[in-house]
Amino acid sequence: MSLLFLGVPCRAHAIRNGTPDTNALYGGVGQILPSSQLQRPGTGVLISRHCVLTTYEVIGNQTGLRLEPNGSSAPNVIGGAAINTAEATVQGAMIGAGYANTKKGNWSVIAGGTNNTTFPASDLSIIGGGNGNTIRPSAGASMIGGGKANTIQTNAYESTIGGGYNNTIQPGADHSTPGGGCSNTNSASDATVPEGDKNVAGTNSFAAGHRAKATYTGSFVWADSTEADFSTTGTKQFVIRAAGGVGIGVTNPAGQLHVRSANFVTLELNTSPPGTPTAWRSRRSRD
C-alpha cells in the first residue's frame, strides 16, 4: 500500500509485535526509517506488512489517518477526525473524512460529512457526505449521496437517496429512490420520488410535486403547489393536479386539459360549474 502526503508534515505511529513504536516509520518489509525522516514533508511511504496498526498523524498531535486491523485481509481505512470509527468486526470499510461518522457495515464507505452511520449488514453501501444520514441494518448495496437527516430503513436494500432533507425509504422498500427534496417517503418496493416535498410513493409508483400520494400499486401522481394532499384511489391510476391546466403540445393551456396535435387540431376540456355537463371543444387552429 502506498500513501503520499503532499506538502503536509506527517509522522507514523505503529504497533509492531504488540509494542508501540513512536520513533520509527516502517517502509518495506523489515525496513525501518530513522526518526530524522519522520517529519519530512511530501514523503511517499510504504506500510510494512509487519505493522498491526498504523496511525498517520499531522504534526500538532492530530490524527490524520488510521489503518485498523480486523482479523481479515481487508483492514479498515479511517480518515478525518479521531472520533470517526469503524467497529472492530467490520471489514474493508472506509471513512474518508469528516467528523463523528460511524461504520458498522462491511465493504462500505462514508466519504465525509458529520454524524453519518451505516449499520451492520448494510454491506457495500455508501454515504457521500452531509449530516445525520443513516443506512439501517440489512439495507446493503444502498447509497445516500448527501443532504441531512435522510434514512434508508431496514431491509430496503439496493436503494438510493440522492440528497435533500428528511427523506425516508421505509423498511422493506427495496430498489427505491427519492432523488432529493424534503420529507419525501418511499413506502414500498420499486418506488420513485424524484424531488419535491411531502410526497409518498408505493410499489412500482411515482409521486412528484407537493403532497402527491401515489400509495396504490402502479400509480403515477403529479401534484402542483396547492396546500393539500392529492392521492390515487386505486391501482394503476395516472392522476394530475394542475390548477393552471394541463397542456399537451401547448405551453399556455386554455382549459383543464388542452391538447394540440402536429396538424394543429386542438382539443380543449373546459371546467364547468358543478352539476352541468363538461364542455369539450375541437377546432383547427395554429394557436
For Ser72 and Tyr99, calculate 0.36 nm times their separation in residues minus their Cα-Cα distance, and state this gained length in nm to one decimal.
7.1 nm
Pull out the extension gain between Glu195 and Asn252, defined as 0.36 nm times the separation in residues minus the alpha carbon to alpha carbon distance; nm, one decimal.
18.1 nm
Take the Cβ-Cβ distance between Ala228 and Glu158 as r, set R0 to 41 Å, and report the resulting FRET efficiency rounded to the nearest 0.05.
0.75
Estimated distance in nm for a label pair at Gln237 and Ala88, the labels positioned 7 Å out from Cα along Cα-to-Cβ:
5.6 nm
Please list the equivalent ellipsoid semi-axes of the stretch 172-230, computed as the square roots of five times the alpha-carbon gyration tensor eigenvalues, in descending order and whole angstrom.
17, 11, 8
Among the listed pairs Lys104/Lys236; Lys103/Lys236; Lys104/Lys148, which are separated by more than 31 Å between their Cα atoms?
Lys104/Lys236; Lys103/Lys236
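Readers should treat all values here as calculations from the given coordinates under stated rules, not as data from a laboratory. As the structure is a computational prediction, the values presented were derived from the model and not from experiment. In this analysis, Cβ positions are derived from the backbone assuming ideal geometry, glycine residues included, and neighbour counts consider all displayed protein chains.
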